[in-house]
Structure formats: C-alpha cells, structure tokens
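The values are calculated or read from the model by the stated rules, or taken from the named source; none is laboratory data. Treat the numbers as computed from the prediction; the structure is a model and nothing was measured. We place every Cβ from the backbone using ideal geometry, glycine too, and count neighbours over all the protein chains shown. Heads up: the accessible areas ignore ligands, DNA and RNA and are worked out on the full protein's heavy atoms, side chains in. Shrake-Rupley method; radii C 1.70, N 1.55, O 1.52, S 1.80 Å.
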Amino acid sequence: MKANSGNNQFWPRLLQGDRQALNEIYRLHADALFRYGIRLLHDENAVQDCIHDLFLKIWSNHARLSDTDNVRYYLISSLRNTIINYRNQQGKIEHQELQERDGFAMDFTVESQYILKEEQTEKAQRLAEAMNQLTARQKEIIYLRYFEELSYDQIAEMMDLSKKGTYKLSARALEALREILQVEKAVLIALLVSLKH
C-alpha cells in the first residue's frame, strides 16, 4: 500500500494561507472524494455540497489545521464526518452512525463497465456479483482498504472501530468474498488490487 496517497506538497502551503495550494488539493482529490461520498449519500448534488462545505471549512480554518502525512486520508475522513453531519441535519440518521439500510453502496452496475474494460475475465465479473452480496460495512472496508489504500489504523479511526475490530471486519469481508468466489485468499487480494490499477 502507498504510504502516502496523493501529493502532499501542497498541504504545508495551504497551512500558510496559499489559496492556489487549496485549489491544487481540490483538483487532485475531488474525484476520489466524490466517488467515496456518493457511496455514503446516494445524492450527487448533496455530495457536491458536502465536498464544497468541507473545502470551505478547510480554508476558513487553515491557520489552525495540523500537518498531515496523508492528505487523501485526511480528506476522506473529514468528508465522512461532513456527510454524517449533513445526514443528521436531514433527519436521515441517528446517533452519528451510518446505518445498514442507508449504508455504504458499492454497486457494480455502472462501475462494471470500468471493471470489464480493465479485467475482461470471468473472475472480474464474478467479483462484481460477489461484492454486491456483502453488507454495507463490508463493502466500505473493502473500498477503503483496496481502492483508497488506507491503512487499518486509518480505517479504524474513520469507521469508529477498534483496530482489532477493523481487522476482523476486513477478514470477514474477504472470507465472504472468498467463499462466494471459491478462490484462494491470495488470488482474491490480487484481483482486488488489480482492479485499483
């Protein structure tokens, strides 16, 4: 996994009040933030609003922000919190938690086109079908770990899990996929990693 997902050279400049650095951070990360946000909120306009609110808040508070060694993680984690707050304000969520019925969506309907272009194999098609059988939290942890390449510590913090709970959820998600696909764990991980690239 990458130790540093994204280009961090702009963050120190942002902290010093460089507006162009904020624009570059937005340019580098907006698409990934949207892809993650739409899985939580299922409303394109609301996700765009949450992303814009996040960047406004970052700019307003830039002098008080801390340095970070992973801008992508910081932004995804912050967007998750922004969306939770938005959903609370809309009355769609209780107790600051994402619920299973409104949880993480990782449907491979539209995205299947990407998968099929990248991996024209029966295994890729079967993986898409298998992913749709996972729970929302299992889909989210697979997405964060293998598509966004976040560490288990980062995922634990984002999803409000213990580190042990994060490993357990990931292991269960991988085991469920492995059983559905009837493949070895190493083959499954290789396939997940190949879909990212």
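Per-structure values
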{"quantity": "Restricting the range 157-186 to residues that are under 22 Å from residue 129 (Cα atoms) and either touching a residue at least 40 places away in the same chain (Cβ under 8 Å) or among the acidic types (Asp, Glu) (or both), the residue that is most open to solvent (accessible area, probe 1.4 Å)", "calculated": "184"}
{"quantity": "Index of the failed condition, residue 193 passing every other in (1) closer than 24 Å to residue 37 by Cα; (2) open to solvent by less than 20 Å² (accessible area, probe 1.4 Å); (3) aliphatic (A, V, I, L, M)", "calculated": "(2)"}
{"quantity": "Condition check for residue 133: crowded, with 20+ Cβ neighbours inside 10 Å and not hydrophobic (A, V, I, L, M, F, W, C)", "calculated": "no"}
{"quantity": "Residue selected from the range 7-26 under the condition assigned to a loop (DSSP other than H, G, I, E, B) and farther than 17 Å from residue 78 by Cα, by the criterion least open to solvent (accessible area, probe 1.4 Å)", "calculated": "17"}
